1. How large is the dipole of the chain about the Cα centre if only Lys and Arg carry +1 and Asp and Glu carry -1, each at its Cβ, rounded to the nearest 20 debye?
2. Treating only the Cα positions of segment 287-345 as identical point scatterers, give the base-10 log of I(q)/I(0) from the Debye formula at each q in 0.16, 0.25, 0.28 Å⁻¹.
3. Radius of gyration and Dmax for segment 1-116's Cα atoms, expressed in Å?
4. Under unit Cβ charges (Lys, Arg +1; Asp, Glu -1), what dipole magnitude, rounded to 20 debye, does segment 308-393 have relative to its Cα centre?
5. Between Ser397, Ser61, Ser214, where does the largest GNM mean-square fluctuation fall for the chain, given springs only between Cα atoms within less than 10 Å?
6. Please give the calculated 222 nm ellipticity per residue for the chain, where each DSSP H segment of at least 4 residues contributes -39500 (n - 2.57) and the sum is spread over every residue; nearest 500 deg cm²/dmol?
7. Once every Cα of segment 173-216 carries one equal point scatterer and solvent is ignored, give the base-10 log of I(q)/I(0) from the Debye formula at q = 0.14, 0.17, 0.34 Å⁻¹, two decimals.
8. Can you give the longest run of the chain that contains no GluC sites (Glu not before Pro) sitting in a DSSP loop with at most 16 other Cβ atoms inside 10 Å?
Amino acid sequence: KELIIDPIVRWAGNPNINLVVKFLFLPITLQLLDLQIFAAPRITLKPLVPTFPCFASIAVSLLDKPSVDFGLKLLGGDVMAIPGLYQFIQEQIRTQIANMYLWPQNLVIPILDESLGAIKKPVGILYVKVVKAVQLLKKDLLGASDPYVKLSLSGERLTAKKTSVKMKNLNPEWNEEFRMTVKDPKSQFLKVHVYDWEKIGKHNNLGMQVVPLSLLVPHQKKELTLDLMKNISLNNNKNKYRGKLVLELTFNPFKEDSLNYSGRHLDNSSTTTNNKELGEGHMSRHSIGGLLIVTIPGAENVEGNHHNNPYALVTFRGEEKRTKLMKKTRNPKWNEEFQFVLDEPPLKEKIHIQVMSRRTGFGFRPKETLGHVEISLVDVIHNGRINQKYHLINSKSGFVSVDIRWKVI
(Lines give C-alpha, C1' and ligand atoms only; values in the text may rest on other atoms or scores of the structure.)
Protein backbone atom coordinates (compact mmCIF):
# COMPACT_ATOMS: atom_id res chain seq x y z
CA LYS A 1 0.00 0.00 0.00
CA GLU A 2 2.99 2.30 0.36
CA LEU A 3 6.71 2.44 -0.36
CA ILE A 4 9.05 3.70 2.39
CA ILE A 5 12.61 4.78 1.52
CA ASP A 6 15.13 5.59 4.29
CA PRO A 7 18.22 7.03 2.57
CA ILE A 8 21.23 8.75 4.13
CA VAL A 9 22.03 12.12 2.56
CA ARG A 10 25.45 13.76 2.74
CA TRP A 11 26.21 16.91 0.77
CA ALA A 12 29.35 19.01 0.92
CA GLY A 13 29.89 22.00 -1.31
CA ASN A 14 32.13 24.99 -1.63
CA PRO A 15 29.62 27.78 -2.19
CA ASN A 16 30.40 31.45 -1.83
CA ILE A 17 27.11 33.09 -0.90
CA ASN A 18 26.84 36.73 0.10
CA LEU A 19 23.92 37.71 2.35
CA VAL A 20 22.97 41.34 2.98
CA VAL A 21 21.30 41.89 6.34
CA LYS A 22 19.79 45.26 7.25
CA PHE A 23 20.37 46.21 10.88
CA LEU A 24 18.93 49.58 11.94
CA PHE A 25 18.76 50.49 8.23
CA LEU A 26 22.50 49.76 7.83
CA PRO A 27 23.36 47.01 5.29
CA ILE A 28 25.73 44.35 6.65
CA THR A 29 27.27 41.81 4.27
CA LEU A 30 27.77 38.24 5.51
CA GLN A 31 29.68 35.57 3.59
CA LEU A 32 28.46 31.95 3.81
CA LEU A 33 31.21 29.36 3.17
CA ASP A 34 31.79 25.58 3.16
CA LEU A 35 28.18 24.46 3.53
CA GLN A 36 27.79 20.79 4.55
CA ILE A 37 24.55 18.92 5.27
CA PHE A 38 23.96 15.47 6.75
CA ALA A 39 20.40 14.12 7.14
CA ALA A 40 18.48 10.87 7.52
CA PRO A 41 15.15 11.47 5.77
CA ARG A 42 12.22 9.11 5.43
CA ILE A 43 10.46 9.31 2.07
CA THR A 44 7.04 7.66 1.86
CA LEU A 45 5.18 7.19 -1.43
CA LYS A 46 1.51 6.53 -0.65
CA PRO A 47 -1.02 5.30 -1.40
CA LEU A 48 0.14 3.15 -4.29
CA VAL A 49 -2.37 3.37 -7.16
CA PRO A 50 -2.71 1.95 -10.70
CA THR A 51 -2.48 5.48 -12.21
CA PHE A 52 0.93 6.84 -13.29
CA PRO A 53 3.21 7.70 -11.46
CA CYS A 54 1.71 4.93 -9.27
CA PHE A 55 1.53 6.92 -6.00
CA ALA A 56 -0.78 9.72 -4.91
CA SER A 57 1.53 11.73 -2.63
CA ILE A 58 5.06 12.04 -1.26
CA ALA A 59 5.60 12.46 2.49
CA VAL A 60 9.05 13.55 3.67
CA SER A 61 10.17 13.53 7.30
CA LEU A 62 13.44 13.30 9.28
CA LEU A 63 14.34 10.35 11.50
CA ASP A 64 16.70 12.52 13.54
CA LYS A 65 17.85 16.14 13.74
CA PRO A 66 19.90 17.11 10.67
CA SER A 67 23.48 18.28 10.89
CA VAL A 68 24.23 21.58 9.13
CA ASP A 69 27.80 22.88 9.13
CA PHE A 70 28.99 26.11 7.54
CA GLY A 71 31.37 29.03 7.91
CA LEU A 72 30.22 32.64 8.31
CA LYS A 73 32.45 35.66 7.72
CA LEU A 74 31.72 39.27 8.63
CA LEU A 75 34.09 42.04 7.46
CA GLY A 76 36.66 39.39 6.64
CA GLY A 77 36.56 37.82 10.13
CA ASP A 78 35.23 34.36 11.04
CA VAL A 79 32.05 34.92 13.08
CA MET A 80 31.95 31.25 14.07
CA ALA A 81 35.18 31.70 16.01
CA ILE A 82 33.25 33.54 18.74
CA PRO A 83 33.11 31.16 21.75
CA GLY A 84 29.77 29.36 22.02
CA LEU A 85 28.20 31.02 18.96
CA TYR A 86 28.96 28.11 16.58
CA GLN A 87 27.22 25.53 18.78
CA PHE A 88 24.30 27.88 19.48
CA ILE A 89 23.57 28.63 15.81
CA GLN A 90 23.92 24.98 14.81
CA GLU A 91 21.51 23.80 17.52
CA GLN A 92 18.98 26.52 16.64
CA ILE A 93 18.96 25.46 12.98
CA ARG A 94 18.69 21.76 13.85
CA THR A 95 15.87 22.42 16.33
CA GLN A 96 13.84 24.61 13.97
CA ILE A 97 14.05 22.09 11.13
CA ALA A 98 13.24 19.20 13.48
CA ASN A 99 10.19 21.03 14.89
CA MET A 100 8.68 21.06 11.41
CA TYR A 101 9.77 17.75 9.90
CA LEU A 102 10.97 15.32 12.60
CA TRP A 103 9.01 12.05 12.29
CA PRO A 104 6.02 11.68 12.64
CA GLN A 105 5.65 15.27 11.45
CA ASN A 106 6.20 15.47 7.72
CA LEU A 107 5.91 17.50 4.57
CA VAL A 108 3.21 16.09 2.28
CA ILE A 109 3.46 16.83 -1.45
CA PRO A 110 0.28 15.88 -3.40
CA ILE A 111 1.02 14.25 -6.76
CA LEU A 112 -2.34 13.08 -8.09
CA ASP A 113 -5.53 15.12 -8.06
CA GLU A 114 -8.26 13.95 -5.69
CA SER A 115 -10.66 13.76 -8.61
CA LEU A 116 -8.73 10.71 -9.88
CA GLY A 117 -9.94 8.78 -6.85
CA ALA A 118 -6.46 8.08 -5.49
CA ILE A 119 -7.02 9.92 -2.22
CA LYS A 120 -8.65 7.79 0.45
CA LYS A 121 -12.16 8.52 1.67
CA PRO A 122 -13.23 8.44 5.35
CA VAL A 123 -13.98 4.96 6.66
CA GLY A 124 -14.85 5.71 10.30
CA ILE A 125 -14.66 8.04 13.28
CA LEU A 126 -12.07 8.06 16.05
CA TYR A 127 -13.40 9.12 19.45
CA VAL A 128 -10.67 10.55 21.67
CA LYS A 129 -11.15 11.36 25.33
CA VAL A 130 -8.28 13.28 26.92
CA VAL A 131 -8.59 12.20 30.55
CA LYS A 132 -5.63 13.63 32.48
CA ALA A 133 -1.88 14.10 32.72
CA VAL A 134 0.46 13.20 35.56
CA GLN A 135 3.72 14.83 36.68
CA LEU A 136 4.21 17.22 33.77
CA LEU A 137 7.37 19.28 33.47
CA LYS A 138 7.52 22.66 35.18
CA LYS A 139 8.38 25.20 32.49
CA ASP A 140 7.47 28.48 34.20
CA LEU A 141 10.11 29.85 36.55
CA LEU A 142 7.60 31.51 38.89
CA GLY A 143 4.94 28.81 38.95
CA ALA A 144 3.60 25.56 37.49
CA SER A 145 2.98 25.05 33.78
CA ASP A 146 -0.31 25.93 32.06
CA PRO A 147 -0.85 22.75 29.98
CA TYR A 148 -3.17 21.96 27.09
CA VAL A 149 -3.28 19.04 24.64
CA LYS A 150 -3.22 19.23 20.84
CA LEU A 151 -4.50 16.28 18.75
CA SER A 152 -4.11 15.53 15.04
CA LEU A 153 -4.12 12.55 12.69
CA SER A 154 -1.22 11.75 10.37
CA GLY A 155 -1.85 12.41 6.70
CA GLU A 156 -4.48 15.07 7.39
CA ARG A 157 -4.36 18.82 6.82
CA LEU A 158 -7.36 19.53 9.03
CA THR A 159 -7.03 21.93 11.95
CA ALA A 160 -5.76 20.18 15.09
CA LYS A 161 -8.12 19.64 18.03
CA LYS A 162 -7.24 21.41 21.30
CA THR A 163 -8.29 20.95 24.90
CA SER A 164 -8.82 23.82 27.30
CA VAL A 165 -5.84 25.27 29.21
CA LYS A 166 -5.42 24.21 32.84
CA MET A 167 -3.68 27.07 34.61
CA LYS A 168 -0.75 26.34 36.97
CA ASN A 169 -1.30 22.59 37.16
CA LEU A 170 1.23 19.78 36.67
CA ASN A 171 -1.46 17.09 37.18
CA PRO A 172 -4.36 18.45 35.11
CA GLU A 173 -7.67 16.67 34.49
CA TRP A 174 -9.55 17.49 31.30
CA ASN A 175 -12.08 14.71 30.59
CA GLU A 176 -12.73 16.34 27.20
CA GLU A 177 -13.91 14.39 24.14
CA PHE A 178 -13.11 14.87 20.46
CA ARG A 179 -14.10 13.22 17.19
CA MET A 180 -11.84 12.77 14.19
CA THR A 181 -12.49 11.20 10.79
CA VAL A 182 -10.23 8.26 9.85
CA LYS A 183 -9.22 7.31 6.31
CA ASP A 184 -6.81 4.42 6.91
CA PRO A 185 -6.80 2.86 10.40
CA LYS A 186 -4.08 0.41 9.35
CA SER A 187 -1.46 3.08 8.65
CA GLN A 188 -2.61 6.30 10.31
CA PHE A 189 -1.60 7.31 13.83
CA LEU A 190 -2.80 9.85 16.36
CA LYS A 191 -0.28 12.60 17.16
CA VAL A 192 -0.53 13.95 20.72
CA HIS A 193 1.33 17.08 21.83
CA VAL A 194 1.21 18.67 25.29
CA TYR A 195 2.11 22.38 25.43
CA ASP A 196 2.62 24.97 28.13
CA TRP A 197 0.40 27.91 27.20
CA GLU A 198 2.07 31.32 27.13
CA LYS A 199 0.27 34.64 26.88
CA ILE A 200 3.13 36.11 24.84
CA GLY A 201 5.53 34.20 22.62
CA LYS A 202 5.89 30.59 21.61
CA HIS A 203 4.15 27.87 23.65
CA ASN A 204 6.66 25.50 25.24
CA ASN A 205 6.67 21.81 24.33
CA LEU A 206 5.99 19.67 27.43
CA GLY A 207 6.00 16.36 25.58
CA MET A 208 4.49 14.33 22.76
CA GLN A 209 3.64 10.79 21.71
CA VAL A 210 2.05 8.91 18.81
CA VAL A 211 -0.55 6.11 18.85
CA PRO A 212 -0.92 3.83 15.79
CA LEU A 213 -4.62 3.30 15.06
CA SER A 214 -3.80 -0.32 14.19
CA LEU A 215 -3.71 -0.97 17.96
CA LEU A 216 -7.46 -0.36 18.20
CA VAL A 217 -10.18 -3.01 17.84
CA PRO A 218 -13.30 -1.55 16.16
CA HIS A 219 -16.07 -0.54 18.60
CA GLN A 220 -13.92 -1.36 21.66
CA LYS A 221 -12.75 1.41 23.97
CA LYS A 222 -9.03 1.30 24.78
CA GLU A 223 -7.48 3.22 27.68
CA LEU A 224 -3.84 4.17 27.20
CA THR A 225 -1.29 5.70 29.55
CA LEU A 226 1.40 7.29 27.41
CA ASP A 227 4.93 8.22 28.46
CA LEU A 228 5.52 11.71 27.09
CA MET A 229 8.76 12.32 25.17
CA LYS A 230 10.46 15.41 23.83
CA ASN A 231 10.27 14.02 20.31
CA ILE A 232 9.95 10.74 18.47
CA SER A 233 13.28 9.83 16.87
CA LEU A 234 15.76 6.98 16.64
CA ASN A 235 17.74 8.52 19.53
CA ASN A 236 15.23 8.11 22.35
CA ASN A 237 17.93 7.70 24.98
CA LYS A 238 18.19 11.48 25.18
CA ASN A 239 14.55 11.83 26.22
CA LYS A 240 14.14 12.46 29.93
CA TYR A 241 10.96 11.75 31.89
CA ARG A 242 8.24 14.25 31.02
CA GLY A 243 5.19 12.78 32.72
CA LYS A 244 2.28 10.68 31.50
CA LEU A 245 -0.92 11.32 29.58
CA VAL A 246 -4.08 9.19 29.91
CA LEU A 247 -6.33 8.79 26.85
CA GLU A 248 -9.42 6.75 25.97
CA LEU A 249 -9.72 5.83 22.27
CA THR A 250 -12.54 4.19 20.32
CA PHE A 251 -12.59 3.61 16.56
CA ASN A 252 -16.05 3.13 15.06
CA PRO A 253 -15.98 2.23 11.34
CA PHE A 254 -18.93 3.13 9.17
CA LYS A 255 -21.33 0.25 8.58
CA GLU A 256 -20.43 -0.10 4.92
CA ASP A 257 -16.72 -0.38 5.85
CA SER A 258 -17.06 -2.58 8.93
CA LEU A 259 -16.37 -5.80 7.00
CA ASN A 260 -12.87 -4.59 6.16
CA TYR A 261 -11.91 -4.30 9.84
CA SER A 262 -14.04 -6.87 11.65
CA GLY A 263 -14.05 -9.72 9.13
CA ARG A 264 -17.77 -10.30 9.57
CA HIS A 265 -20.92 -9.22 7.78
CA LEU A 266 -23.34 -6.85 9.41
CA ASP A 267 -27.09 -7.23 9.38
CA ASN A 268 -28.21 -4.72 6.81
CA SER A 269 -31.82 -5.85 6.73
CA SER A 270 -32.96 -2.50 8.09
CA THR A 271 -31.22 -0.69 5.22
CA THR A 272 -33.40 -2.39 2.59
CA THR A 273 -36.70 -1.45 4.16
CA ASN A 274 -38.89 0.79 2.06
CA ASN A 275 -38.48 4.38 3.25
CA LYS A 276 -42.24 4.92 3.27
CA GLU A 277 -42.64 2.16 5.85
CA LEU A 278 -40.31 3.92 8.26
CA GLY A 279 -42.24 6.44 10.29
CA GLU A 280 -40.67 9.27 12.30
CA GLY A 281 -38.88 8.02 15.38
CA HIS A 282 -38.85 4.43 14.08
CA MET A 283 -35.90 4.48 11.69
CA SER A 284 -33.49 1.94 13.11
CA ARG A 285 -30.95 2.70 10.40
CA HIS A 286 -31.29 6.43 10.82
CA SER A 287 -31.38 6.74 14.61
CA ILE A 288 -27.62 6.85 15.17
CA GLY A 289 -24.88 9.29 14.25
CA GLY A 290 -22.51 9.38 11.35
CA LEU A 291 -20.55 11.56 8.96
CA LEU A 292 -22.07 14.05 6.53
CA ILE A 293 -19.69 14.53 3.58
CA VAL A 294 -20.36 17.53 1.32
CA THR A 295 -18.40 17.79 -1.94
CA ILE A 296 -18.61 20.86 -4.19
CA PRO A 297 -17.21 19.88 -7.63
CA GLY A 298 -17.87 23.30 -9.22
CA ALA A 299 -20.34 25.75 -10.70
CA GLU A 300 -21.43 26.89 -14.15
CA ASN A 301 -22.45 30.21 -15.70
CA VAL A 302 -22.06 32.26 -12.52
CA GLU A 303 -21.64 35.97 -13.11
CA GLY A 304 -21.25 38.96 -10.84
CA ASN A 305 -22.13 42.56 -11.52
CA HIS A 306 -18.64 43.84 -10.66
CA HIS A 307 -16.21 40.87 -10.60
CA ASN A 308 -16.05 37.11 -11.24
CA ASN A 309 -13.79 35.54 -8.59
CA PRO A 310 -16.14 32.83 -7.30
CA TYR A 311 -15.91 30.67 -4.19
CA ALA A 312 -18.56 28.53 -2.46
CA LEU A 313 -19.67 29.02 1.14
CA VAL A 314 -21.22 25.97 2.86
CA THR A 315 -23.24 26.65 6.02
CA PHE A 316 -24.62 23.93 8.29
CA ARG A 317 -25.73 24.27 11.92
CA GLY A 318 -24.10 27.68 12.14
CA GLU A 319 -20.70 26.35 10.96
CA GLU A 320 -19.24 27.84 7.80
CA LYS A 321 -16.76 26.19 5.42
CA ARG A 322 -15.52 27.68 2.17
CA THR A 323 -13.75 26.58 -0.96
CA LYS A 324 -10.73 28.28 -2.48
CA LEU A 325 -11.29 31.34 -4.65
CA MET A 326 -11.01 30.95 -8.42
CA LYS A 327 -9.97 34.13 -10.25
CA LYS A 328 -11.74 35.52 -13.31
CA THR A 329 -13.96 32.61 -14.29
CA ARG A 330 -17.66 31.90 -14.70
CA ASN A 331 -17.14 28.13 -14.50
CA PRO A 332 -15.06 27.41 -11.38
CA LYS A 333 -13.84 23.87 -10.58
CA TRP A 334 -13.28 23.41 -6.84
CA ASN A 335 -13.56 19.65 -6.15
CA GLU A 336 -13.41 20.35 -2.40
CA GLU A 337 -14.84 18.16 0.35
CA PHE A 338 -16.17 19.18 3.78
CA GLN A 339 -17.09 16.91 6.67
CA PHE A 340 -19.53 17.24 9.57
CA VAL A 341 -19.48 14.62 12.34
CA LEU A 342 -22.98 14.31 13.81
CA ASP A 343 -24.45 12.49 16.79
CA GLU A 344 -27.78 11.99 15.02
CA PRO A 345 -29.03 12.15 11.42
CA PRO A 346 -30.19 15.62 10.25
CA LEU A 347 -33.59 14.43 9.05
CA LYS A 348 -35.35 17.80 9.38
CA GLU A 349 -32.43 20.05 8.49
CA LYS A 350 -31.16 21.82 5.40
CA ILE A 351 -27.72 22.78 4.21
CA HIS A 352 -27.14 26.23 2.71
CA ILE A 353 -24.69 26.67 -0.18
CA GLN A 354 -23.92 30.14 -1.49
CA VAL A 355 -21.65 31.07 -4.37
CA MET A 356 -19.85 34.33 -3.68
CA SER A 357 -17.34 36.54 -5.50
CA ARG A 358 -14.65 38.60 -3.81
CA ARG A 359 -12.61 41.43 -5.26
CA THR A 360 -8.91 40.54 -5.20
CA GLY A 361 -7.67 44.16 -5.09
CA PHE A 362 -8.79 47.41 -3.55
CA GLY A 363 -12.08 49.03 -4.49
CA PHE A 364 -15.74 49.28 -3.65
CA ARG A 365 -18.09 46.30 -3.39
CA PRO A 366 -15.43 43.83 -2.15
CA LYS A 367 -17.99 40.95 -2.05
CA GLU A 368 -21.17 40.03 -3.84
CA THR A 369 -23.41 36.99 -4.00
CA LEU A 370 -23.78 35.03 -7.24
CA GLY A 371 -26.69 32.89 -6.04
CA HIS A 372 -27.56 30.30 -3.41
CA VAL A 373 -29.39 27.05 -2.83
CA GLU A 374 -30.87 25.25 0.20
CA ILE A 375 -30.89 21.46 0.14
CA SER A 376 -33.05 19.31 2.40
CA LEU A 377 -31.05 16.43 3.87
CA VAL A 378 -33.88 13.95 4.43
CA ASP A 379 -33.30 12.28 1.03
CA VAL A 380 -29.57 12.01 1.77
CA ILE A 381 -30.31 10.17 5.03
CA HIS A 382 -32.79 7.79 3.40
CA ASN A 383 -30.78 7.04 0.25
CA GLY A 384 -27.22 7.47 1.52
CA ARG A 385 -26.26 9.93 -1.21
CA ILE A 386 -27.45 12.61 -3.62
CA ASN A 387 -25.40 13.93 -6.53
CA GLN A 388 -27.16 16.68 -8.43
CA LYS A 389 -26.80 19.98 -10.22
CA TYR A 390 -28.89 22.80 -8.70
CA HIS A 391 -30.04 26.06 -10.26
CA LEU A 392 -28.80 28.93 -8.09
CA ILE A 393 -31.55 31.13 -6.65
CA ASN A 394 -31.13 34.83 -7.62
CA SER A 395 -28.93 33.86 -10.56
CA LYS A 396 -29.98 34.12 -14.20
CA SER A 397 -28.39 30.92 -15.47
CA GLY A 398 -25.97 29.77 -12.77
CA PHE A 399 -25.77 26.19 -11.52
CA VAL A 400 -23.80 24.54 -8.74
CA SER A 401 -22.93 20.82 -8.56
CA VAL A 402 -23.30 19.20 -5.14
CA ASP A 403 -22.49 15.68 -3.93
CA ILE A 404 -23.68 14.86 -0.40
CA ARG A 405 -23.13 11.49 1.32
CA TRP A 406 -24.24 10.13 4.70
CA LYS A 407 -22.15 7.42 6.33
CA VAL A 408 -23.64 5.63 9.34
CA ILE A 409 -21.50 4.52 12.27
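1. My answer is approximately 500 debye.
2. Debye output, listed in q order: -0.58, -1.00, -1.14.
3. For segment 1-116, the Cα radius of gyration and maximum Cα-Cα distance read 19.1, 57 Å.
4. Here segment 308-393 has a charge dipole of around 720 debye.
5. The residue that fluctuates most here is Ser397.
6. -2000 deg cm²/dmol
7. -0.50, -0.67, -1.15
8. The segment 3-155 is the longest one with no such site.
The values are calculated or read from the model by the stated rules, or taken from the named source; none is laboratory data. If you're wondering where the values come from, they're calculated on a predicted model, not measured in any experiment. Quick reminder, even Gly has a Cβ in these numbers, built from the backbone with ideal geometry, and neighbours come from all protein chains shown. Side chains included, ligands, DNA and RNA excluded: accessible areas come from the protein's heavy atoms. Shrake-Rupley method; radii C 1.70, N 1.55, O 1.52, S 1.80 Å.
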